[in-house]
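Q: Dropping a structure here in structure tokens format, bear with me for questions.
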Amino acid sequence: MYNIRYIKYIELLFATTLIGTIFIKGFSALPTQAVQLRDGKVYFVQPPRLVKVITTYNRVRVSGVRYYFTISLPENAGEPLQKVTINQYQGLENIDFRLKKTISFVGTPSRRGKKIPLQDVTRDKKSRTVSITFDPPVYPGTTITIGLKPYYNPMHGGIYLFGVTGFPVGEKSHGQFMGFGRLHFYGYDRGYFFWR
């Protein structure tokens, strides 16, 4: 027969392992908290990432197109995504957008999910920045796409760069840069159609 000491040892080992597993799983399931500084500014723990930027048509002077900005908000972001700003950083012309035609949805342009309601879409012409505010905010662990609709593609070809910044929820949220999106527009001798 088994030694009583040995059985007690196995029971203790099993109980310790079980408690440790519950503690670790319970601990890892807790949501990551955002970073908040003494001045009240809120930061993402892990900022969102700009995944891809595409246009439905890259020929100059074409209307009826969209520019899609796909963003991934990681599980450990710590806070929902409240606002995104898209700044035209480079390009020969200022591209003007039909702000009321801005769309947002879960997923990518080729795999669209449900629509995300927008609280506000504004533009600062001087800084060439469009601000998109979500209502409700986008929760961590979500990939979303914003679709901006220009009046038309630029008249001149070349590379246009857009800097994308994400803001967490909060009155004093700090924007964290996600990266640059690059669109290349071509003259009538070149140009490709993707999808609308």
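Values quoted throughout were computed directly from the atomic coordinates according to the rules given, and no laboratory measurement underlies them. What you see is a predicted model; the values in this text were computed from it and never measured. Backbone-built Cβ (ideal geometry, glycine too); neighbour counts: all protein chains shown.
Q: Starting from a Cα-only point model with no solvent, please compute log10 I(q)/I(0) by Debye for segment 85-139 at q = 0.13, 0.16 1/Å.
A: -0.39, -0.57
Q: On the first, second and third principal axes, largest extent first, how far apart are the outermost C-alpha atoms of segment 89-177 in Å?
A: 38, 33, 21
Q: Also, quick follow-up: Taking Rh as the Kirkwood radius computed over C-alpha pairs, what is the Stokes-Einstein D of segment 36-185 at 25 °C in a medium of viscosity 0.890 mPa s, expressed in µm² per second?
A: D = 158 µm²/s.
Q: Taking the Cα centre of segment 36-185 as origin, work out the dipole magnitude from +1 charges on Lys and Arg Cβ and -1 charges on Asp and Glu Cβ, in debye rounded to 20.
A: 540 debye
Q: Just to be sure I understand the model, the point goes 7 Å from the Cα along the line to the Cβ. What's the resulting residue 46 to residue 125 distance in nm?
A: Between residue 46 and residue 125, the simple spin-label model gives 4.2 nm.
Q: Here is a further query. Of the listed pairs 52/101; 115/149; 41/83; 52/125; 41/115; 100/149, which have alpha-carbon separations greater than 18 Å here?
A: 52/101; 52/125; 41/115
Q: What residue among 183, 133, 90 has its Cα farthest toward the positive end of the dipole of segment 36-185, where the charges are +1 on Lys, Arg and -1 on Asp, Glu, each on the Cβ?
A: Working it through, the farthest residue towards the positive pole turns out to be 183.
Q: Now a separate question. If you stretched the chain out fully between residue 172 and residue 152, how much longer would it get, using 0.36 nm times the residue separation minus the C-alpha to C-alpha distance?
A: 3.7 nm
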